[in-house]
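Here is the structure we will look at.
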Amino acid sequence: MTVYAIYVIIAALYVYALLDCIRTPAVRIRMLPKVGWLLIVVLVPVLGAIGWQNLGKRSAPAESRSSTA
């Protein structure tokens, strides 16, 4: 049962990273063009998804973030 949970988590991470990469505007992408990040995420799913989340996109600009105060 634990093995299936790990597979579900990995699949969710992969799908999230792929969709996030597709939907992110080009001005927020770092280090590689969008096509390069898409290829990395598709060809190396786990490491590509982690790389995308940590290295691939910039934070949202301050004016587009919602304030909770």
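The values are calculated or read from the model by the stated rules, or taken from the named source; none is laboratory data. Here the structure is a predicted model, which is why all the values come from computation and not from measurement. Cβ coordinates were reconstructed from backbone atoms using ideal geometry, including for glycine residues, and neighbour counts include every protein chain displayed. Just so you know, the surface numbers come from the protein's heavy atoms only, side chains and all, with ligands and any DNA or RNA stripped out. Shrake-Rupley method; radii C 1.70, N 1.55, O 1.52, S 1.80 Å.
Solvent exposure of the chain, expressed per residue, is 76 Å² of accessible area, with all protein chains present and a 1.4 angstrom probe. Shown here are the Rg and Dmax of the Cα trace of the chain, at 14.0, 44 Å. Build a GNM of the chain with springs between Cα atoms under 10 Å apart, and of V46, V15, V35 the one that fluctuates most is V35. Within the accessible surface of the range 1-55, defined with a 1.4 Å probe on protein heavy atoms only, the carbon and sulfur portion equals 78 percent. What you get for the chain, charging only the Cβ of Lys and Arg (+1) and of Asp and Glu (-1), is a dipole of about 200 debye around the Cα centre. Our summary gives the chain a relative contact order of 33 percent, counting only alpha carbon pairs under 8 angstrom and 6 or more residues apart.
Based on DSSP H segments of at least four residues, each scored -39500 (n - 2.57), the chain has a per-residue ellipticity at 222 nm of -18000 deg cm²/dmol. Residues whose amide H comes within less than 5 Å of that of I29, counting only those at least five positions distant or on another chain, are R58 (H built at 1.01 Å from N in the peptide plane). Using the Cβ-Cβ distance between T24 and M1 with R0 set to 30 Å, the FRET efficiency from 1/(1 + (r/R0)^6) comes to roughly 0.30. Computed from Cα positions, the angle between helix 34-43 and the longest principal axis of the chain comes to roughly 10 degrees.
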